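> Dumping the structure here so I can ask a few things about it.
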Amino acid sequence: FLQAKSKKTKESSEKGQIYGKPCSSGNIKGEVLVIHNLNEFKKESHLVKGKILVAPMTDPGWVYWMNLSSGLIVEKGSILSHTAIIGRELGIPTIVMVPKATTILKTGDWVEMDGKTGKISIIKKCE
């Protein structure tokens, strides 16, 4: 998978915005759920439903969780990656190649993501 290299990342995140590669259009506001490992959420589907899923990467084992989410933000990938293809098939906003997404965004943060432009605006940081 490709890792995004963005000169805007630090500057943009300080302004409350981060960017990635748009893969599936749609604009949504929602609560972030950061998942590093699927084992963290075995039998915890109620925690995922309707949230914006943020992860380092995905594979076919993530499809169930992706289907429950309202949007996908992933650090790695490309427009032809697993995340991008599944996001398009599910019809949910999807942005890949977002450097340090799992570091900048925390579970409980609120963001607005634009799957057409790749822009992620941080609305509220979780304290």
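The values are calculated or read from the model by the stated rules, or taken from the named source; none is laboratory data. Because the structure is a prediction, the values reported are computed rather than measured. In this analysis, Cβ positions are derived from the backbone assuming ideal geometry, glycine residues included, and neighbour counts consider all displayed protein chains. What goes into the accessible areas is simple: the full protein's heavy atoms, side chains included, and nothing from ligands, DNA or RNA. Shrake-Rupley method; radii C 1.70, N 1.55, O 1.52, S 1.80 Å.
To keep it simple, each residue is scored yes or no on (1) in a loop (DSSP other than H, G, I, E, B); (2) hydroxyl-bearing (S, T, Y); (3) open to solvent by 20 Å² or more (accessible area, probe 1.4 Å); (4) more than 22 Å from K116 (Cα to Cα).
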position	(1), (2), (3), (4)
I28	no, no, yes, no
E31	no, no, yes, no
V54	no, no, no, no
T58	yes, yes, no, no
G61	no, no, yes, yes
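> Going by the conditions given, is G50 more than 17 Å from T107 (Cβ to Cβ) and open to solvent by less than 70 Å² (accessible area, probe 1.4 Å)? Walk me through it before giving the result.
On the way: more than 17 Å from T107 (Cβ to Cβ): no; open to solvent by less than 70 Å² (accessible area, probe 1.4 Å): yes.
For G50, the condition - more than 17 Å from T107 (Cβ to Cβ) and open to solvent by less than 70 Å² (accessible area, probe 1.4 Å) - is not met.
> From the list T117, T58, T94, which residue is modelled with pLDDT of 95 or more, of a type in the set (S, T, N, Q) and over 10 Å from the mean Cα position of the chain (by Cα)? First the steps, then the outcome.
Values: T58 fails: modelled with pLDDT of 95 or more; T94 fails: over 10 Å from the mean Cα position of the chain (by Cα).
The conditions single out T117.
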